[in-house]
Amino acid sequence: MACPRKDPTTGQDATAQGMAWILEGYQCGSVYKPVYKEAQDAVAVADILSPVTPCPHRSSTERPSTRPNTSISEPASLLTATWVNAANMEQTVVKDGFDPASAICTIAGAALCTANNIS
(Lines give C-alpha, C1' and ligand atoms only; values in the text may rest on other atoms or scores of the structure.)
Protein backbone atom coordinates (compact mmCIF):
# COMPACT_ATOMS: atom_id res chain seq x y z
CA MET A 1 0.00 0.00 0.00
CA ALA A 2 1.20 3.52 -0.76
CA CYS A 3 2.37 5.80 2.00
CA PRO A 4 -0.50 7.83 3.46
CA ARG A 5 -1.18 11.08 1.60
CA LYS A 6 1.77 10.56 -0.76
CA ASP A 7 -0.10 9.26 -3.82
CA PRO A 8 -3.55 10.78 -4.38
CA THR A 9 -6.05 7.93 -4.58
CA THR A 10 -9.81 8.16 -4.91
CA GLY A 11 -12.74 5.81 -5.17
CA GLN A 12 -16.31 5.72 -6.31
CA ASP A 13 -17.84 3.10 -4.14
CA ALA A 14 -18.25 4.74 -0.71
CA THR A 15 -17.86 1.37 1.01
CA ALA A 16 -16.94 1.03 4.68
CA GLN A 17 -13.42 0.02 3.62
CA GLY A 18 -13.15 3.07 1.35
CA MET A 19 -14.37 5.32 4.16
CA ALA A 20 -11.79 3.79 6.51
CA TRP A 21 -9.05 4.39 3.95
CA ILE A 22 -10.12 8.04 3.79
CA LEU A 23 -9.86 8.37 7.57
CA GLU A 24 -6.51 6.56 7.53
CA GLY A 25 -5.18 8.90 4.84
CA TYR A 26 -4.73 6.30 2.10
CA GLN A 27 -7.61 7.61 -0.01
CA CYS A 28 -8.49 11.26 -0.64
CA GLY A 29 -12.22 10.74 -1.06
CA SER A 30 -14.94 8.77 -2.76
CA VAL A 31 -17.98 9.42 -4.91
CA TYR A 32 -21.36 8.70 -3.33
CA LYS A 33 -24.91 8.71 -4.66
CA PRO A 34 -27.64 8.04 -2.12
CA VAL A 35 -28.82 4.47 -2.65
CA TYR A 36 -32.40 5.33 -1.73
CA LYS A 37 -32.55 7.79 -4.64
CA GLU A 38 -31.12 5.19 -7.03
CA ALA A 39 -33.71 2.70 -5.75
CA GLN A 40 -36.55 5.17 -6.32
CA ASP A 41 -35.38 5.67 -9.89
CA ALA A 42 -35.06 1.92 -10.43
CA VAL A 43 -38.67 1.46 -9.33
CA ALA A 44 -39.79 4.21 -11.71
CA VAL A 45 -37.92 2.60 -14.61
CA ALA A 46 -39.34 -0.83 -13.73
CA ASP A 47 -42.81 0.70 -13.74
CA ILE A 48 -42.20 2.23 -17.17
CA LEU A 49 -40.83 -1.03 -18.54
CA SER A 50 -43.49 -3.29 -17.04
CA PRO A 51 -45.58 -5.30 -19.52
CA VAL A 52 -48.68 -3.47 -18.33
CA THR A 53 -47.39 -0.18 -19.70
CA PRO A 54 -46.44 -0.24 -23.37
CA CYS A 55 -42.94 1.06 -23.91
CA PRO A 56 -41.98 2.73 -27.18
CA HIS A 57 -39.03 0.99 -28.82
CA ARG A 58 -37.48 0.41 -32.20
CA SER A 59 -38.78 -2.37 -34.39
CA SER A 60 -36.42 -5.26 -35.01
CA THR A 61 -35.86 -4.08 -38.59
CA GLU A 62 -35.13 -0.46 -37.75
CA ARG A 63 -31.46 0.41 -37.63
CA PRO A 64 -30.12 3.24 -35.52
CA SER A 65 -29.19 6.28 -37.55
CA THR A 66 -25.73 7.73 -37.43
CA ARG A 67 -27.18 11.13 -36.61
CA PRO A 68 -29.27 11.61 -33.47
CA ASN A 69 -32.93 12.37 -33.97
CA THR A 70 -33.53 15.44 -31.83
CA SER A 71 -37.30 15.00 -32.05
CA ILE A 72 -37.11 11.90 -29.81
CA SER A 73 -36.92 12.52 -26.10
CA GLU A 74 -35.52 9.79 -23.85
CA PRO A 75 -36.15 10.09 -20.11
CA ALA A 76 -33.09 10.08 -17.89
CA SER A 77 -32.33 10.19 -14.23
CA LEU A 78 -29.20 12.18 -13.58
CA LEU A 79 -28.37 11.94 -9.90
CA THR A 80 -25.77 14.28 -8.51
CA ALA A 81 -22.81 12.50 -7.00
CA THR A 82 -21.38 13.78 -3.72
CA TRP A 83 -17.67 13.87 -3.05
CA VAL A 84 -17.16 12.24 0.34
CA ASN A 85 -14.15 12.94 2.52
CA ALA A 86 -13.50 12.92 6.27
CA ALA A 87 -15.21 16.30 6.70
CA ASN A 88 -18.64 15.23 5.34
CA MET A 89 -18.63 11.46 5.87
CA GLU A 90 -20.94 11.63 8.90
CA GLN A 91 -23.47 13.83 7.05
CA THR A 92 -23.54 11.62 3.92
CA VAL A 93 -22.85 7.89 3.95
CA VAL A 94 -23.33 7.47 7.71
CA LYS A 95 -26.47 9.64 7.98
CA ASP A 96 -28.07 7.87 4.98
CA GLY A 97 -27.29 4.48 6.52
CA PHE A 98 -25.19 3.40 3.54
CA ASP A 99 -22.19 2.72 5.78
CA PRO A 100 -22.86 2.45 9.50
CA ALA A 101 -20.31 4.22 11.67
CA SER A 102 -19.72 0.92 13.47
CA ALA A 103 -18.53 -0.74 10.25
CA ILE A 104 -16.23 2.16 9.34
CA CYS A 105 -14.84 2.44 12.86
CA THR A 106 -14.23 -1.30 13.16
CA ILE A 107 -11.90 -1.01 10.19
CA ALA A 108 -10.36 2.44 10.81
CA GLY A 109 -10.32 2.33 14.60
CA ALA A 110 -12.24 4.26 17.22
CA ALA A 111 -9.56 6.95 17.62
CA LEU A 112 -9.77 8.01 13.96
CA CYS A 113 -13.56 8.00 14.07
CA THR A 114 -13.60 10.13 17.21
CA ALA A 115 -11.05 12.53 15.72
CA ASN A 116 -13.28 12.95 12.64
CA ASN A 117 -16.64 13.10 14.49
CA ILE A 118 -17.85 9.79 13.08
CA SER A 119 -20.31 8.20 15.48
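The values are calculated or read from the model by the stated rules, or taken from the named source; none is laboratory data. All values derive from a computational prediction rather than experimental measurement. These accessible areas exclude ligands, DNA and RNA; they are computed on the full protein's heavy atoms, side chains included. Shrake-Rupley method; radii C 1.70, N 1.55, O 1.52, S 1.80 Å.
Ordered by solvent-accessible area of protein heavy atoms (1.4 Å probe), largest first, the residues Thr114, Thr82, Thr92 come out as Thr114, Thr82, Thr92. Using a probe of 1.4 Å, the accessible surface attributed to Val35 totals some 60 Å² when neighbouring protein chains are kept in position.
The heavy atoms of Asp41 offer some 50 square angstrom of accessible surface to a 1.4 angstrom probe.
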